[in-house]
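Student: Right, I'll just put the structure down here and ask away after.
The values are calculated or read from the model by the stated rules, or taken from the named source; none is laboratory data. None of these values were measured; they are calculated from a predicted model. Cβ coordinates were reconstructed from backbone atoms using ideal geometry, including for glycine residues, and neighbour counts include every protein chain displayed.
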Amino acid sequence: MENIIISDMEKDALGEIMNISMGSAATAASELLNAKVWITTPMVEVDVLSNIHTEKLEPAVCVKIEYIKGISGSNLMVWRQDDVQLILNQLMGMPLVVTPDFEFDELNVSAVSEVMNQMMGSSATALSDFLGVSVDISTPTPYIMDKISLAELQDFDPDETVVAINFDLTIDGVIQSEFKSVMSVELAKEIAGKVLGEATAAAAPEPEPAPAAAPQPMAQPQMPQQPMMQQPMQQPQMPQQPMAQPMPQMPQQMPMQQPMAQPQMPPEAAYGYPPYGYGYPPYGYPAPQPMNIQNAQLHSFEPADLNLSGSQKDNLQLLMDVPLQISVEIGSARRKVKDILEFTQGTIIELERQAGAPVDIIVNGNLIAKGDVVVIDDNFAVRITEIIKSKLIDTLNKE
């Protein structure tokens, strides 16, 4: 088949836009892995498929991304399996060690898909902002391969010209490696064409102002001449009617407004109309209603009368200096081990307690009271609203 030629300018534009989009992908990976990620130094290579060497990335994880909106085509990301294993260990809090018995089972493949979905989703967003069009991708599809076959994954002809972009990958404290992005020349030219098209469009509108502005001033002075001839003919008739009507209408409308009858009118308006806007709500808004503000009524608590004898009071006094651990429990939830292993940064856990419900106050593992959470001097605190009966207090009351 005939190979499509891509120019050096298009290669430079493609390298620049991929550098920006993968920089956004690195930011998303940093937030997901809780580690600094750098994806830099894109090297654009245009050659026939049979000359694209991927042996040093084998065994590999190949992730296929389809562009479904804004641009059309697919992009194939090729990663080392060892690098992907370290990324998953960082994601799940496992030791950062490559183990030979690691298996890309359903859970691990799903995790790879999610990581790539976050990264390439951010990359598509950066493409959208840069190109000025909405770019969407499909869910990434991972392929675990010992021997890479790009022709099989992308339906390429071995003699077809493709574009391969090499990236340096560094994850702080995890790996320092590289990966490769492979796409068709058609997709590469489409992306580069949108970049170069915007650059040429920005410089195009310079010669427009001179011829466009010349005919309009000639038409504008001719249009006002007709209304200017008609207005003097109508003006002698109009003043006679409005001069008779506004005078009786204004006194009838002004007493209807309550602000005119209020004693708070400024003195300078006593013999005329009030200042413009005085006493009236803004146009289109109702008049403000009086606010009924009341202070919060808090319950008062009286000290409990334990009716202790003299010896009991002495014994109780000995315990007053014993330190106890106080904790406040907002709520709890029960989840399976499988669900807990899928927790990541940003996961929301729904508690088995409604919002606004009182929290539990626990002393040394025993529930003693309930209360409301408050803030005092930028610190969280709990105001006790209910004391739970204690077996110790019941025993002391009976003696």
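Student: Being within 28 Å of Leu32 (Cβ to Cβ) and modelled with pLDDT of 80 or more: is that true of Glu178 here?
Tutor: Values: within 28 Å of Leu32 (Cβ to Cβ): yes; modelled with pLDDT of 80 or more: yes.
Taking the combined requirement at face value, the residue satisfies it.
Student: Now for a separate question. Have a look at Ile148, Ile165, Ile144 and point out the one that is farther than 17 Å from Val44 by Cβ, in contact with a Pro (Cβ under 9 Å, 6 or more places away or on another chain) and not in a loop (DSSP other than H, G, I, E, B). Even if it seems obvious, please write down each step before you answer.
Tutor: Details: Ile148 fails: not in a loop (DSSP other than H, G, I, E, B); Ile165 fails: farther than 17 Å from Val44 by Cβ.
Criteria check complete, one pass: Ile144.
Student: Still on this structure, please answer the following. Looking only at region 349-380, which residues are free of Cβ contacts under 8 Å to residues at least 12 places away in the same chain, part of a strand (DSSP E or B) and within 30 Å of the chain's Cα centre (by Cα)?
Tutor: Val374, Val375, Asn379, Phe380
Student: Moving on to the next point. Filter region 30-41 down to the residues that are in a strand (DSSP E or B) and surrounded by fewer than 20 Cβ atoms within 10 Å (Cβ to Cβ), then identify the one that is farthest from the chain's Cα centre (by Cα). Break it down into steps so the answer makes sense when it comes.
Tutor: Of the residues in region 30-41, the ones in a strand (DSSP E or B) are 37-41.
With surrounded by fewer than 20 Cβ atoms within 10 Å (Cβ to Cβ) added as a condition, the list becomes 38, 40-41.
Numbers: Trp38: 22, Thr40: 25, Thr41: 28 Å.
Taking the candidates together, the pick is Thr41.
Student: A follow-up question, please. Could you identify the single residue in Val98, Val112 that is surrounded by fewer than 17 Cβ atoms within 10 Å (Cβ to Cβ) and farther than 15 Å from Met22 by Cα?
Tutor: Residue meeting the stated conditions: Val98.
Residues are listed down the side, and each one gets a yes or a no for (1) of a type in the set (Asp, Glu); (2) part of a strand (DSSP E or B); (3) at positive phi:
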| residue | (1), (2), (3) |
| --- | --- |
| Ile6 | no, no, no |
| Ala28 | no, no, no |
| Lys56 | no, no, no |
| Ile71 | no, no, no |
| Met77 | no, yes, no |
| Asp82 | yes, no, no |
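Student: Working carefully through the options Asn89, Asn108, find the one that is in a helix (DSSP H, G or I), farther than 30 Å from Ser50 by Cβ and out of contact with any helix residue (DSSP H, G or I) (no Cβ under 8 Å at 6 or more places or on another chain).
Tutor: Details: Asn108 fails: out of contact with any helix residue (DSSP H, G or I) (no Cβ under 8 Å at 6 or more places or on another chain).
Of the residues listed, the single one that is in a helix (DSSP H, G or I), farther than 30 Å from Ser50 by Cβ and out of contact with any helix residue (DSSP H, G or I) (no Cβ under 8 Å at 6 or more places or on another chain) is Asn89.
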